[in-house]
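S.K.: Got a structure for you, written out below as structure tokens; questions coming shortly.
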Amino acid sequence: MRRFRFRLQAILDLRRHEEEQRRLELGAATGRRNAIQNAIDDGKRRRHAALRSQPETVGRDDIAWRLATEDYAYRLSVEIKRLEQRLLEAERERESVAELYGVAKQKADVLQRLRDRREKNHLYEQRRDEQYRLDEVSQQIYSRGGN
């Protein structure tokens, strides 16, 4: 039986490699976006904790402590806004990488479906050819007067 050989296998391999590279890029972009989101969440938690906390050694009327706390909370707010801008940029980057990944995956899948279809046809032809030879052998045996 003749082995199946897909003539476009090298191109399929290249497309699968490109798909894998795009998938890795998408993972990296997603990781960057998630890291920024985690930094935003951490900043919000720290800001909230700073505004809600008051050490026992500080009196309720301690203006210096309150001003320092509000200054710290303001700096955290500014940092959060800066991170939110970076998050938007990271999300746009991730979307563009996801689009490139989708295109690469689609190209590879088209060739894979073509390969599968040709392999299926090849197997069908091999079985049909084998059955034809078996029928021929059977005809020869019968024509010679065999059982």
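S.K.: Does at least one position in segment 71-90 carry a residue that is assigned to a helix (DSSP H, G or I), over 38 Å from the mean Cα position of the chain (by Cα) and over 29 Å from residue 7 (Cα atoms)? Outline the logic, then answer.
M.R.: Let us first name the residues in segment 71-90 that are assigned to a helix (DSSP H, G or I), namely 71-90.
Within this subset, residues satisfying the condition of being over 38 Å from the mean Cα position of the chain (by Cα) are 71-72.
Okay, now just the ones that are also over 29 Å from residue 7 (Cα atoms), so 71-72.
For segment 71-90, residues assigned to a helix (DSSP H, G or I), over 38 Å from the mean Cα position of the chain (by Cα) and over 29 Å from residue 7 (Cα atoms): present.
S.K.: Same structure again: Mind telling me which of the residues 125, 99 ends up being at pLDDT 95 or above and part of a helix (DSSP H, G or I)?
M.R.: Unique residue meeting the criteria: 99.
S.K.: Something else: Looking at (1) modelled with pLDDT of 95 or more; (2) touching a helix residue (DSSP H, G or I) at 6+ places or on another chain (Cβ under 8 Å); (3) among the β-branched types (Val, Ile, Thr), find the lone condition where residue 78 falls short.
M.R.: (2)
S.K.: Now, a different point. Of all residues in segment 1-27, count the ones that are touching a helix residue (DSSP H, G or I) at 6+ places or on another chain (Cβ under 8 Å) and outside any helix (DSSP H, G or I).
M.R.: 5
S.K.: Residue pairs, Cβ under 6 Å, 6 or more apart or interchain, first in segment 123-138 and on the phi > 0 side of the Ramachandran plot and in contact (Cβ under 8 Å) with a residue 12 or more places away in the chain, second surrounded by 10 or more Cβ atoms within 10 Å (Cβ to Cβ) and assigned to a helix (DSSP H, G or I). List them.
M.R.: Nothing qualifies.
S.K.: Looking for whichever is closer than 30 Å to residue 126 by Cα and surrounded by 14 or more Cβ atoms within 10 Å (Cβ to Cβ) here; the options are 16, 86, 7, 47. Which one fits?
M.R.: 16
S.K.: Under 6 Å between Cβ atoms, at least 6 apart or on separate chains: pull out the pairs that start in segment 75-103 with a residue that is in contact (Cβ under 8 Å) with a residue 24 or more places away in the chain and end on any residue that is assigned to a helix (DSSP H, G or I) and of a type in the set (Val, Ile, Thr).
M.R.: Taking only residues 6 or more apart or on different chains, the pairs are 80/40; 83/36; 83/40; 86/36; 87/36; 90/36; 94/30.
The values are calculated or read from the model by the stated rules, or taken from the named source; none is laboratory data. Here the structure is a predicted model, which is why all the values come from computation and not from measurement. For neighbour counting, all protein chains shown are included, and Cβ atoms are generated from backbone atoms with ideal geometry for every residue, glycine included.
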